[in-house]
Amino acid sequence: MNTGYVTRTLSAGLALLLVITIAAPSSMAQMADEPLSSDRPGFSNAAATVQQGVVQAELGYSFLNTADKFGDESAIDHNLGELLLRYGVTDAIELRANIGSYQFVEVREGPLSDPLSTEPETTFEDGYFGPAVEAKARIFRNATTTVSAFSSTLIPVQTGVYDSQTDQRAVQTLALLLDGQLGTGVSLTLNGGAQFFWDGGVQDDRNVSALFIPTLNFSINDALGAYVGYYGVYNDSANTNFVEGGLTYLASSNTQVDLNTGYRVDDNLDQFFVGIGLSQRF
């Protein structure tokens with residue numbers, strides 16, 4: 001692992017957190033005029049940015065169940081935290097600190113030959129899966145459409161089980177984000193871009209993947225919303241495809257709670273997840 005790179009990136013993340021902490025009191029005095037726009041729930045990021053001087057925190061919990069196609073191994077993941085801190089540098093530019101999650105995993109393994117002869121072995125593992133330094137910049141907006149650029153650098157910092165099993169390379173995501181109004185109470189969010197490792201690793205392979213994430217959003221009433229979406233990652237090895245959906249409830253002008261669920265629809269793994277979350281604007 002490139003420790004110099006990790007140290008510099010961690011320093012940038014800590015600096016961002018310091019800026020957010022210092023700016024929080026003034027942002028509380030300047031409450032936002034625009035409707036709350038959260039990047040929870042779901043895989044997609046909205047094109048909307050938080051207002052200048054505004055701090056927004058988004059966090060949650062998710063339950064992920066995974067089974068291989070042979071039925072010989074399954075795992076249950078509990079992801080607690082999922083903390084994202086957003087700060088509006090200007091009305092069009094926001095900086096983001098994606099703190100990551102603490103993950104607790106229950107793994108069940110059974111014999112392929114005769115699964116009835118022996119009780120499956122269950123192991124419990126846990127760890128922290130890395131932070132990311134992110135930014136979003138609005139490049140176009142009119143009455144019905146918003147377009148933004150998005151960047152995320154996943155820092156290779158893991159603990160516990162993830163320290164030994166996860167590729168120790170920084171991962172870069174670059175994408176264009178689009179929000180478009182389709183009609184009264186209906187909008188479309190599109191994310192498209194690429195994801196790749198910062199260095200080639202042992203095999204000199206940056207493993208570039210294409211991202212495509214369309215989401216339909218529905219306003220049921222002034223407080224309740226719903227969405228359905230698709231998440232696709234495409235590369236030369238195993239593609240990843242999920243369908244997802246969820247509900248959002250605007251508890252106040254600055255507070256949103258959410259419920260979401262999704263299911264993997266490719267031939268690589270059987271996976272489904274459910275989650276709950278909270279978004280709070282200060």
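For region 227-282, which residues satisfy the criterion of being in contact with a Leu (Cβ under 9 Å, 6 or more places away or on another chain) and basic (K, R)?
R281
Name, by its number, the condition in (1) in contact (Cβ under 8 Å) with a residue 12 or more places away in the chain; (2) of a type in the set (D, E); (3) more than 27 Å from A149 (Cα to Cα) that does not hold for D199.
(3)
Can you tell me which residue among G225, G246, G232, G192 is in a strand (DSSP E or B), closer than 24 Å to S148 by Cβ, touching a strand residue (DSSP E or B) at 6+ places or on another chain (Cβ under 8 Å) and touching a residue at least 60 places away in the same chain (Cβ under 8 Å)? Spell out the reasoning first.
On the way: G225 fails: touching a residue at least 60 places away in the same chain (Cβ under 8 Å); G232 fails: touching a residue at least 60 places away in the same chain (Cβ under 8 Å); G192 fails: touching a residue at least 60 places away in the same chain (Cβ under 8 Å).
Being in a strand (DSSP E or B), closer than 24 Å to S148 by Cβ, touching a strand residue (DSSP E or B) at 6+ places or on another chain (Cβ under 8 Å) and touching a residue at least 60 places away in the same chain (Cβ under 8 Å) holds for just one of G225, G246, G232, G192, which is G246.
Does R96 satisfy the condition of being modelled with pLDDT of 90 or more, within 20 Å of the chain's Cα centre (by Cα), on the phi < 0 side of the Ramachandran plot and not β-branched (V, I, T)? Give the steps one after another, and end with the answer.
On the way: modelled with pLDDT of 90 or more: yes; within 20 Å of the chain's Cα centre (by Cα): yes; on the phi < 0 side of the Ramachandran plot: yes; not β-branched (V, I, T): yes.
Spelling it out, R96 is indeed modelled with pLDDT of 90 or more, within 20 Å of the chain's Cα centre (by Cα), on the phi < 0 side of the Ramachandran plot and not β-branched (V, I, T).
Here is a list of conditions, (1) among the charged types (D, E, K, R); (2) touching a residue at least 60 places away in the same chain (Cβ under 8 Å); (3) surrounded by fewer than 14 Cβ atoms within 10 Å (Cβ to Cβ), and D179 meets all of them except one; can you say which number that is?
It fails just one condition, (3).
Taking the criterion of being farther than 13 Å from A48 by Cα, surrounded by 12 or more Cβ atoms within 10 Å (Cβ to Cβ), aliphatic (A, V, I, L, M) and at pLDDT 90 or above, would at least one residue in region 144-160 satisfy it? It would help to see each step written out before you state the result.
We begin by selecting, within region 144-160, every residue farther than 13 Å from A48 by Cα; these are 151-160.
Imposing the further condition that a residue be surrounded by 12 or more Cβ atoms within 10 Å (Cβ to Cβ) reduces the set to 151-160.
Going one step further and asking which of them are aliphatic (A, V, I, L, M), we end up with 154-155, 157.
Then drop every residue that is not at pLDDT 90 or above, which leaves 154-155.
Yes, because at least one residue in region 144-160 is farther than 13 Å from A48 by Cα, surrounded by 12 or more Cβ atoms within 10 Å (Cβ to Cβ), aliphatic (A, V, I, L, M) and at pLDDT 90 or above.
The values are calculated or read from the model by the stated rules, or taken from the named source; none is laboratory data. Note that the structure is predicted; figures quoted are calculated from it, not measured. Note: ideal-geometry Cβ built from the backbone for every residue, glycine included; neighbour counts use all protein chains shown.
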